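Following: one structure in structure tokens, then a few remarks.
The values are calculated or read from the model by the stated rules, or taken from the named source; none is laboratory data. The shown structure was predicted, so the numbers you read here are calculated from the model rather than taken from an experiment. When we count neighbours, we look across all protein chains shown, and the Cβ atoms used for this are built from the backbone with ideal geometry, even at glycine. The area values use the complete protein model at the heavy-atom level, side chains included, leaving out ligands, DNA and RNA. Shrake-Rupley method; radii C 1.70, N 1.55, O 1.52, S 1.80 Å.
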Amino acid sequence: QVQLVESGGGLVQAGGSLRLSCAASGRTFSRYAMGWFRQAPGKEREFVATINFNGDYTYYTDSVKGRFTVSRDNAKNTVYLQMNSLKPEDTAVYYCTARLGPMATTWRTFDSWGQGTQVTVSS
């Protein structure tokens with residue numbers, strides 16, 4: 001298990017951008033595939049993006065393709081989610097997740113998760 005702390009959330013206008021960061025503890029971060037999920041009030045947790053252990057592969061849910069970019073810096077034990085062209089429907093709490101294994105899109109497959117960071121997009 002790895003400890004994860006998200007940051008970078010906030011309030012932005014539609015069309016704006018935010019960059020979320022997820023700082024991970026431990027010396028084995030480079031072995032973990034990472035994921036981002038989000039949850040809006042009253043809705044189920046939704047997969048957003050995932051990245052493999054070395055950053056060579058990424059995958060996104062259709063609704064964010066072309067707008068969001070997930071990346072990682074293993075030297076800094078950090079994964080990022082760059083969010084551009086934000087829409088009100090992107091409003092949610094965003095969670096960083098980690099797992100020892102391949103990329104995944106199912107929340108329960110991940111071993112660790114952070115506390116979440118709120119993203120609010122105004123119209």
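Structure above, values below:
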quantity: Test result for Ala98, part of a loop (DSSP other than H, G, I, E, B) and surrounded by 15 or more Cβ atoms within 10 Å (Cβ to Cβ); calculated: no
quantity: Single unsatisfied condition, Leu86 versus (1) within 19 Å of Ser7 (Cα to Cα); (2) of a type outside the set (D, E, K, R); (3) not in a loop (DSSP other than H, G, I, E, B); calculated: (3)
quantity: Among the candidates Thr69, Thr50, Thr58, residue that is without any contact (Cβ under 8 Å) to a residue 60 or more places away in the chain, open to solvent by less than 30 Å² (accessible area, probe 1.4 Å) and among the hydroxyl-bearing types (Ser, Thr, Tyr); calculated: Thr50
quantity: Any hit, region 22-33, residues being in contact with a helix residue (DSSP H, G or I) (Cβ under 7 Å, 6 or more places away or on another chain) and over 23 Å from Val121 (Cβ atoms); calculated: yes
quantity: Filter result (loosely packed, with under 15 Cβ neighbours inside 10 Å and either of a type in the set (S, T, N, Q) or modelled with pLDDT under 95 (or both)) within region 27-41; calculated: Arg27, Thr28, Ser30, Pro41
